[in-house]
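Participant: The following block contains the structure, expressed as structure tokens.
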Amino acid sequence: MIAASYACPNTLEEAVAALADPAAMVIAGGTDLMVKGRTRNSYVARALVDVTGVNEMRGVTVHDGLLDIGAAEPLASLVESKVVRSLSPVLWQAVRSVGGVQTRNRATLGGNLANACPAADGICACVALGALIKVVGSQGERTIDASELFRPCPACLAHEGMLVRTCLFADPREKKTTLEPGELIARVLVPQRAEGELGSYVRLSTNRGIGLASVTASAIVVREQDGTVRLARACVGGVLPAPRALEGSELPLVGTKLENADVLRCSKSLGTIMDEECSRLANGSYKRRVAPVVLGDALRALGQEGEDVPGVPGLRRIAVPSWEEDR
Amino acid sequence: MNNDSDSVRVHLCVNGLDHDVLVDPGDRLIDVLRDDLGLTGTKEGCGIGVCGACTVLINGRAENSCLVPAASLDGASVTTIEGLSHRGNLSALQDSFLRHHAVQCGFCTPGLLLSATALLDEDPHPTEARIREALRGNLCRCTGYEQVVEAILDTSGTAVDESPSVVVNRSEGGEER
């Protein structure tokens, strides 16, 4: 890859100052950016700012009911963190689904979000969990909801997921996120798991290998003592022009007992949304059939057909995913 | 090479030897290892971080050297396949690979050995499931992985004792996570 320069700031202030240059762009682990820079000279004129050494963007702390994760923390350290596993099992499950060991040792949660691939594992979990993204720029800092970080990108639908490994935009910030020029993701604030909250994360990939997921779904519910759903929220990725949070009328589960008919209603609802919004989806007829099933599995994992993941309280999985039932 | 770019001086400790290298901003670690340092044991397969053939240890952890900008590694300790043997003596793991016929064409072998070395350094007695998870990022078309897993299982518990080079090359300043 060819780039114009490479800076390694140690503080957030230095990083933000370096990003004031219009040619500057952030590189974290580089596991997406190095791939994009490989065959095209996309970064010849770009000044890369490596944020992995920025102290304020590292470490995991807990405060005010939030898991406060440094955006430049490698995914492997989140997978190894008992705090992440116990306070946000769904995020833990999602980040351990990313690539192989080598990728997780390098890739970061902030990079997973900023690269803005709609099928990224970390994004699906962060949106479903209602994570807050702490963004810092020369104008100061602001906090946005994870679901508001992404802009719909019709181009993603045409090539994402199964067709190429990563988004082709050299700088996804410009077209796919709501980050302003010079802004970076400093930290990710994930609400810690509430009492009784159950969650699941399901990904469909082409060969169960380490490649990018084609469809992702994550679901969270809180149920009353008698099993009635009090709160439900989900996210699907790789399906619509942006990662999409589903709740309310789009995920009609509140007040139900999370039975199969209720799950089916949610799957149908996703099918309707897809019919309306993603006519240009690559592999559309395939995804139209599987995405509601993947969402259905994420929801069924939370009900009677699901099972607890041993050693990870609050995390549920489905014993046999639907697409493997007839194997 | 791009004349407009600002080269970066990087201090690397590779297989226990210190190197000062001048790299271009976008240079990949694998190119520095192979072209500048002549360590051609590290292989490039896919170049996009899927096959794991280029796996090396950076501060003791397995990473794909095709995706790592060399400019980001100032002060890092890198172990390549050349660093696993010690004065011509193979590490216990390398020896086990030979005994179990875990090698056929050999292209993926350096990557597999380094992924396995990182695993055994962290967990000297891994379960088979843990071994398979550690190798998910390494593709092998010849062995079907069975002999590789057997070779690693066979070495479990002895790797750290019998291969001092592996220990020597661990970074002093490696991050604790």
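Participant: How shielded is A:104-110 by partner chains, expressed as the average number of their Cβ atoms within 10 Å of its Cβ atoms?
Facilitator: Taking all residues of A:104-110 together, the mean is 4.
Participant: Follow-up. So how many Å³ per residue does the convex hull of the Cα atoms of the range B:1-139 work out to?
Facilitator: Hull volume normalised by residue count: 109 Å³.
Participant: Just the number, please: percent antiparallel of the DSSP beta bridges in chain A, rounded to the nearest 5.
Facilitator: Around 85 percent of the beta bridges assigned by DSSP in chain A are antiparallel ones.
Participant: Compute a Gaussian network model of chain A, connecting alpha carbons closer than 10 Å, and tell me which residue from A:G255, A:G140, A:G284 fluctuates the most.
Facilitator: Most flexible of the set in this elastic network: A:G140.
Participant: I would also like to ask the following. Please give the helix A:284-300 orientation as an angle from the longest Cα principal axis of chain A, in degrees from 0 to 90, rounded to the nearest 10.
Facilitator: 70
Participant: Between A:T39 and B:S7, what FRET efficiency comes out of the Förster formula 1/(1 + (r/R0)^6) with R0 = 25 Å and r the beta carbon distance, rounded to 0.05?
Facilitator: Efficiency at R0 = 25 Å is approximately 0.65.
Participant: What nm value, rounded to one decimal, do you get for the distance between A:S86 and A:E13 when each label is placed 7 Å out toward the C-beta?
Facilitator: It works out to 3.6 nm between the two label points.
Participant: DSSP loop (so not H, G, I, E, B), at most 14 other Cβ within 10 Å: list which GluC sites (Glu not before Pro) in the range A:189-232 pass both filters.
Facilitator: A:E195, A:E224
Participant: Next question. Work out how far the C-alpha atoms of the range A:197-317 reach from end to end along every principal axis, then list the three figures in whole Å, largest first.
Facilitator: For the range A:197-317, the Cα extents along the three principal axes come out at 44, 32, 21 Å.
Participant: Along each of the three principal axes of the Cα atoms of chain A, give the extent in whole Å, ordering the values from largest to smallest.
Facilitator: Here the Cα extents, ordered largest to smallest, are 57, 43, 33 Å.
Participant: Right, another one. For chain A, set up a GNM with springs between Cα atoms under 10 Å and report which of A:Q93, A:Q139, A:Q192 has the largest fluctuation.
Facilitator: Sorting by GNM fluctuation, first place goes to A:Q139.
Participant: Springs between alpha-carbon atoms under 10 Å, Gaussian network over chain A: tell me which of A:A242, A:A116, A:A24 tops the mean-square fluctuations.
Facilitator: Looking only at A:A242, A:A116, A:A24, the biggest GNM fluctuation is shown by A:A24.
Participant: Shifting gears a bit: So how much slack lies between A:K257 and A:E174, counting 0.36 nm per residue of separation and subtracting their Cα-Cα distance, in nm?
Facilitator: 25.6 nm
Participant: What is the spin-label model distance, in nm, from A:R265 to A:E141 if the labels are put 7 Å beyond Cα along the C-beta direction?
Facilitator: 4.2
Participant: Loop only by DSSP, 14 or fewer other Cβ within 10 Å of the Cβ. Give me the GluC sites (Glu not before Pro) in the range A:257-301 that pass, ordered by residue number.
Facilitator: Answer in residue order: A:E259.
Participant: OK, next. Starting from the Cα-Cα distance between A:E324 and A:R151, subtract it from 0.36 nm times their residue separation and give me the gain in nm to one decimal.
Facilitator: The A:E324-A:R151 span can extend by a further 58.9 nm.
Participant: Right, another one. Of the trypsin sites (Lys or Arg not before Pro) in the range A:28-60, which ones lie in a loop per DSSP and count no more than 16 other C-beta atoms within 10 Å?
Facilitator: A:R40
Participant: Along the Cα→Cβ direction, 7 angstrom out, place labels at A:Q225 and B:D18. What is the inter-label distance in nm?
Facilitator: The modelled label-to-label distance comes out at 6.9 nm.
Participant: Hey, what angle do you get for helix A:260-277 against the long axis of chain A, alpha-carbon based, 0 to 90 degrees rounded to 10?
Facilitator: 40
Participant: Past the 28 Å Cα-Cα mark, which pairs from A:K175/A:K287; A:K36/B:K43; A:K175/B:K43; A:K134/A:K176?
Facilitator: Correct reply: A:K175/B:K43.
Since every read-out is calculated from the coordinates, none of them should be taken as a lab result. Computed from a prediction, not measured in an experiment: that's the story for all the values here. Don't worry about glycine lacking a Cβ; one is built from the backbone with ideal geometry, like all the others, and counts go over all protein chains shown.
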